[in-house]
Every structure is written in C-alpha cells, then in structure tokens.
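To start, the structure itself, in structure tokens.
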Amino acid sequence: MLISRQERARICSDTELGAGNVLERLKAYGRPLDEPVLRTDGGWRAPDGSHPDVLTLGELYEAVETYAGWYAAQGVRPRDPVAVHSFSSTEFAVNFLALTSLGAIPSFVNGNLAPETAAAYIHRQGAVGAFTDQAHRPVLADSGLGFLVAADDIRPEHRASLPAAYPYRHDPTDPVLISHSSGTTGMPKGVPHTHRTLMYAQLHRLRYSTGTDMERTLVGLPGAHNAMVATLLYCLLLRTDLKLLSSQCGAEVLDAVEEFRPTIVLAFAGTFGEMAAEDLTKRDLSSVQVWFNTGDAAHEAHIRALVQHGGHLEIRRDLSRVRVDGSVFVDGLGSSEAGYSVFHNRHTKDTSAYSRCVGKPISFAEAAVLAEDGTLLPPGQVGRLGLKSPTLTPGYWNDSLTWNRMRLGGYWLTGDLAQQDEDGNFYHLDRAPDAVRTRDGIVFSTRTEELLLAELPELADCTVVGVAPDGVRADWDGDGEAEAYALLQLADDEMELEQEDGDGEGGGGDAVWTGRVNSVLANAGYPPVTRALRMKPDDVAKGATGKVLKRVMRDRFAAKEQHA
C-alpha cells in the first residue's frame, strides 16, 4: 500500500529530509516496524547469520545500526570515505544506510571491475577502510587500508558500539555517496552526491507523480550505481514493495519478473537489450506496466520488443481508468554525474517518435547543444550535449582538473553528441569518443546501430567501431580518418556463423551482410561502413555496468586485422 495523500504532503514539506537520513526520518513519520520494506535475492548474509528474503523496517533498522556500530568501533567518523566492493545489491543498500547514519561517505565499487582497476580506484578515493565480500577480499588484501571487513565479521553485538551522537545530522551540502562512472574510457571517475543532490529528484517525483506504477518495484540496476540508491530511497518513502537484484543479466531479470510479478522494472539499456533478445513469448510478463531505463538511451528495436507485453492504465476523458494491452517504456538518458535521468521519453507499442529521440529535459533541468566555443547551436546542428541541473554532482572526487575540463559555457558536458529539432526535442547521436570520421563523412556509431537494429530483424545486436592507423585520431575531437566496421550479432546464434562458409552462396557471407548494411545506411542518407562482420555475443567486450567497451572492441579488432 502506497503512502496516503497526508503522508506525501508531510514528506514533501519535511525540511530535514535528505538522502542521508531517509531511514531516520521514517521513524518521525511513525512507520510500522513490522512493515516489509526490502526484498533481497537471497544472497545477503545478515549479522545473525541468516539469509533473509525480506526485511521489515525494524529488521532493516537493526541491520543498519549493527553495521554502523561495527564501523564506529573501528574509528570511522563523519566525512570518512569507506569503500564498498561487492556483488550484492543488498550489501550496497545496507552499507549506504549504515555509513551515512554516521556521516561517513560510502564509496561504491562495482564488483565487475577488473581487480587491478578496483584496487587503484579505491586508493584514489582516500578510503580509510573497505567492506567487501569473500570473492573480492583478495583484491584488497594488500591495499594498506585501515580495515577490511566482510559480512561474516559483523555480528549482533556490534550494535552496542553506536556513538552517543548517533545518528549524524547532515547539512544539505554534505557528501553522502561516491559512485563511479562506467569506466568505458579508462579509469572510472569518482562521482560524489550530496544530501541534497541525491534527494532532489525523488522529492520532485513525490510532489508531481502518484507513483502508482511502482507498487511492486524490481530493481535490476547495478547495486554500486547511484541510480540504485536513489530508487531505494524513493521506494522507502513511497512504501512500495521493493526487490533488489544483484544480477543485471537479462535472462535472470526475466526470471525475477516471472517470480516477483513487478509492476515496474528498472535497469540499464544493456540489460533491456539482453531481455529483448530472449524469446519473450515464452515468458509471463503480464504484470509489468512500465520498463524504466536510465543511463544510456535504449535502442528502438529493444523497446518495441518489450512494450508488446504487459499492460498499463490509461485515463479516459471521463477520468475513468482502463487497462490496455502493452506496457510503457520510459527511456531515460542520464549519467552518474547527473544524479537522475534528465531526459524521459515515454514509449508504447503505438509510438513512432524514435530515431534516437530522447525528448525534452525534465522541468527542473536545462539542456543545450553547444558549439566548441560554448555558444548554443540552432536546431539541426550536431554539437556537444550540456546540462544544468540541481541534481548534478558537485565535481569529481579528488579530480577537479577533469571536472573543470568537462564544463563549457556554464554547462556540464555529458560526453554525448546531440542535436535538437524545431520543437525542442533532443536527439542522442553518439558518445564523442565513439564517432568515426571516415572519408565519406562522420559515422555516428550509436545512431547507426539504432538504424540497423530497426531495419534488419535478423540482428540481435550490433556494435559500430572505427579503426584508424597508429597515431591517427579519428573521433569527434580528431582530424584524421578511420574505417568504420559494423560488428553484427545474429538473432539465431547458429545461423551463418561458420566462417568457412565465407562469402559463398546462400546469402550468409560477410560481403553480403556488408551490402545489406550499406543499403540500409544509404537509404537513410548515412555514410557507409567499410565492412560488416558477424560475431558471437561472447566476443562483445562489456564494462562493469554492462556497457559495450568500444575502446576495447576497437583495439581487439585492429589487432585481429593486423594478423589476418
């Protein structure tokens, strides 16, 4: 049962509420302690040694205070960064609530980061210690941190070590979380958020949305991402039935949909792409009203596959509510730095506004397409996407140089290339490092992928990369030329993948695919690719959050071509 109108008004007028004290403020609202508030995926070990599937509010308080007591006994104080490196989303949630209750700053580290990258990243954060799981304990064993703790080390008696001034009283500018960027271009950047920035959008949603579609919320977001934390806080306030998953694998999220029967599923575009590649006719997705994507914008082909299933409520002119077939896909373009998806574009099975359209920015934010000198570009011209928002991070942790280099004309640069139409809608074309300058023009890799997936139903996914000669830079910021390649994943893994078939008869060779791809591109007025090549899903390099690592794909492909 969601909050009443009176509860909503009280929350929205609470001047003390922020991202760092949501659990404490629930006490002031008189929430029942026996009310279930958090479902786990069974992998989290509680201080008493159990592995609960669901936590009541009272049990969550107990776990959080026990963790906080352990940290306090180790000397953790306000504004101390503490690393959290794990696979478990519930661990990230409990540690966030525990460390912020002390005024400390949890520094989340995705469990999928390469060990050497994770260790170097934690060192750069200035962490005083770290929480980890058994799988990652060896990564940090020789890190020189003040302490290294796992769930097995935290026991009920540690709750007695809470400090006298518990819980900490936050200022709106106090940092409450350091999450990190995806690291697709190298070392991840530490992205802090404050008591105010991480809560701003959640209070906006409570004021202007009923949130009824979140009655049963399934979170398939990475546990180490601030989007998971923001969702956790919003759901605690809204009183939704919330389940956190530690896996972002599309098939496993689909399994959880059938088991949990959610009304909304939140995930990144990579997870939704994997889900769309499954045979959805064999799945029961009837409970789903909304799919909510954040991070990178999703592809049209993946959206269309998902919205055919489930159903949603429509309000008719007489204000009656009618359930109609087909779910809603909310495509949100955002980032760790933005703190919330600044763009929301709503799709149903009747939608036609695609072509990488991400819509207009949310009401409290401002977006612009900028020229290299920071001036605003007119509709139709491609430039850098800039944002202004009260949800924006105050800067990169211990790296002000990089932060200031990503500011232009008063805007923060997302790293994306975009354009606007005459109606003020924004269109996402590519990441600046992924655009490919060729002799025939600039190939915007993401826009090209979008078109190919929409026009070639045999494809499950595709990746467009550019390969330039050594020493030549041929992306948006370069002035050289490269060759663009379309790396295709076929919907039928076994179909036409045997390379010994070559370019022979039967229509399955790479030369034939190159012709088909370039025919689609020519019809749209896009530059051609040099070649289209088939590949297996396992050949696609992905980062910690599931994003395709085009930098790695470029290097792999270049090396392969040199030895061909």
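Of the candidates Leu33, Leu2, the single residue that is part of a loop (DSSP other than H, G, I, E, B), touching a Lys or Arg at 6+ places or on another chain (Cβ under 8 Å) and either over 20 Å from Pro172 (Cβ atoms) or open to solvent by 50 Å² or more (accessible area, probe 1.4 Å) (or both) is Leu2. Filtered by the rule that a residue be among the small types (Gly, Ala, Ser) and assigned to a loop (DSSP other than H, G, I, E, B), the range 467-494 gives Ala468, Gly471, Ala474, Gly478, Gly480, Ala482, Ala491. When restricted to residues that are assigned to a helix (DSSP H, G or I) and touching a strand residue (DSSP E or B) at 6+ places or on another chain (Cβ under 6 Å), the range 430-466 contains 8.
Out of all the residues in the range 359-380, is one or more open to solvent by less than 30 Å² (accessible area, probe 1.4 Å) and either within 25 Å of Glu455 (Cα to Cα) or hydroxyl-bearing (Ser, Thr, Tyr) (or both)? Yes. Taking the listed residues Tyr234, Tyr200, the one that is of a type in the set (Ser, Thr, Tyr) and touching a helix residue (DSSP H, G or I) at 6+ places or on another chain (Cβ under 6 Å) is Tyr234, with no other qualifying. Applying the criterion of being part of a strand (DSSP E or B) and of a type outside the set (A, V, I, L, M, F, W, C) to the residues of the range 184-218, the residue that is surrounded by the fewest Cβ atoms within 10 Å (Cβ to Cβ) is Arg216.
The residue that is modelled with the lowest pLDDT, counting only those in the range 302-348 that are over 20 Å from Thr271 (Cβ atoms) and out of contact with any strand residue (DSSP E or B) (no Cβ under 8 Å at 6 or more places or on another chain), is Leu319.
Checked against (1) under 18 Å from Ala127 (Cβ atoms); (2) assigned to a loop (DSSP other than H, G, I, E, B); (3) in contact (Cβ under 8 Å) with a residue 60 or more places away in the chain, Val76 meets all criteria but (3). Only residues that are over 14 Å from Asp350 (Cβ atoms) and of a type in the set (Gly, Ala, Ser) were counted in the range 297-330, giving 6. Scanning the range 277-313 for residues that are hydrophobic (A, V, I, L, M, F, W, C), assigned to a helix (DSSP H, G or I), free of Cβ contacts under 8 Å to residues at least 60 places away in the same chain and open to solvent by 20 Å² or more (accessible area, probe 1.4 Å) returns a single hit, Ala305. Take the conditions (1) open to solvent by 40 Å² or more (accessible area, probe 1.4 Å); (2) more than 22 Å from the chain's Cα centre (by Cα); (3) more than 23 Å from His302 (Cα to Cα); Pro457 misses just one of them, which is (3).
Yes/no per residue for (1) farther than 18 Å from Cys235 by Cα; (2) surrounded by fewer than 24 Cβ atoms within 10 Å (Cβ to Cβ):
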{"residue": "Ala63", "(1), (2)": "yes, no"}
{"residue": "Ala68", "(1), (2)": "yes, no"}
{"residue": "Ala72", "(1), (2)": "yes, yes"}
{"residue": "Thr90", "(1), (2)": "no, no"}
{"residue": "Ala93", "(1), (2)": "no, no"}
{"residue": "Phe96", "(1), (2)": "no, no"}
{"residue": "Leu102", "(1), (2)": "yes, no"}
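Among the residues making up the range 370-413, a single one is among the acidic types (Asp, Glu) and farther than 28 Å from Gly441 by Cα: Asp399.
The values are calculated or read from the model by the stated rules, or taken from the named source; none is laboratory data. Since the model is a prediction, treat every value here as computed from it, not as a measurement. For neighbour counting, all protein chains shown are included, and Cβ atoms are generated from backbone atoms with ideal geometry for every residue, glycine included. All accessible areas refer to the heavy atoms of the entire protein, side chains included, with ligands and DNA or RNA removed. Shrake-Rupley method; radii C 1.70, N 1.55, O 1.52, S 1.80 Å.
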